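The values are calculated or read from the model by the stated rules, or taken from the named source; none is laboratory data. Worth saying up front: this structure is predicted, and the values here are computed from it rather than measured. Positions of Cβ are backbone-derived with ideal geometry, glycine not excepted, and every protein chain shown enters the neighbour counts.
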Amino acid sequence: MRELVRAYQAFADYSAKHVRDLGLTSSQFDVIATLGNTNGMNMSDLAAKTLVTKGTLTGIIDRLEKKNLVARIVPPENRRSFMIVLTPEGTQTFERVFPSHIAYLKERFDRLSLQELEQLRSGLETLRKLF
């Protein structure tokens, strides 16, 4: 287990440094990347698709809203809930940061062969299914 945790920490540190250089926190990037190329999501779906807990998500959305990157929209068919959508500025941010970050990560993953990548994917899937 120690090696799994150490690998995750190394990946998270490497990723977070680049995301900070792009002007976002890791959680903000996760939300923007998840909302990118969608028509928006309600808070429950967004929490389920990100690495962010529902309790933390409200604060992240508040901060992204202050940066004018997301908006809360109340759908006319269900006024008891709201959707989180990227604003035009949020869409521009997504289009700038997402490809840049994928390219940044690809530099490391390209060091692995297709066989090594498949072994890692398969092993991680097996481990996840145990829980």
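Below, the figures for the structure above:
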| item | result |
| --- | --- |
| Residue in segment 100-117 that is surrounded by 11 or more Cβ atoms within 10 Å (Cβ to Cβ), over 20 Å from residue 20 (Cα atoms) and of a type in the set (Val, Ile, Thr) present | no |
| Unmet requirement for residue 123, which otherwise passes all of (1) surrounded by 12 or more Cβ atoms within 10 Å (Cβ to Cβ); (2) free of Cβ contacts under 8 Å to residues at least 24 places away in the same chain; (3) assigned to a helix (DSSP H, G or I); (4) not aromatic (Phe, Trp, Tyr) | (1) |
| Hey, residue 97 surrounded by 12 or more Cβ atoms within 10 Å (Cβ to Cβ) and at pLDDT below 95 or not | no |
| Enumeration of residues in segment 46-61 that are in a helix (DSSP H, G or I) and either surrounded by 14 or more Cβ atoms within 10 Å (Cβ to Cβ) or in contact (Cβ under 8 Å) with a residue 60 or more places away in the chain (or both) | 46, 47, 49, 57, 60, 61 |
| Residues that are over 15 Å from residue 39 (Cβ atoms) and modelled with pLDDT of 95 or more, drawn from segment 60-87 | 60, 61, 62, 63, 64, 65, 66, 67, 68, 69 |
| Among the candidates 70, 52, residue that is touching a Leu at 6+ places or on another chain (Cβ under 6 Å), at negative phi and hydrophobic (A, V, I, L, M, F, W, C) | 70 |
| So residue 111, is it more than 24 Å from residue 13 (Cβ to Cβ), part of a loop (DSSP other than H, G, I, E, B), without any contact (Cβ under 8 Å) to a residue 12 or more places away in the chain and of a type in the set (Lys, Arg) | no |
| Cβ-Cβ under 8 Å pairs, at least 6 apart or on other chains, segment 62-74 side surrounded by 14 or more Cβ atoms within 10 Å (Cβ to Cβ), far side of a type in the set (S, T, N, Q) and modelled with pLDDT of 95 or more | 63/28; 64/28; 69/28; 69/87; 69/93; 70/87; 71/87 |
| Complete set of residues in segment 75-94 that are surrounded by 12 or more Cβ atoms within 10 Å (Cβ to Cβ) and assigned to a helix (DSSP H, G or I) | 89, 90, 91, 92, 93, 94 |
| Of all residues in segment 1-45 being surrounded by fewer than 11 Cβ atoms within 10 Å (Cβ to Cβ) and not in a helix (DSSP H, G or I), the one that is nearest to the chain's Cα centre (by Cα) | 39 |
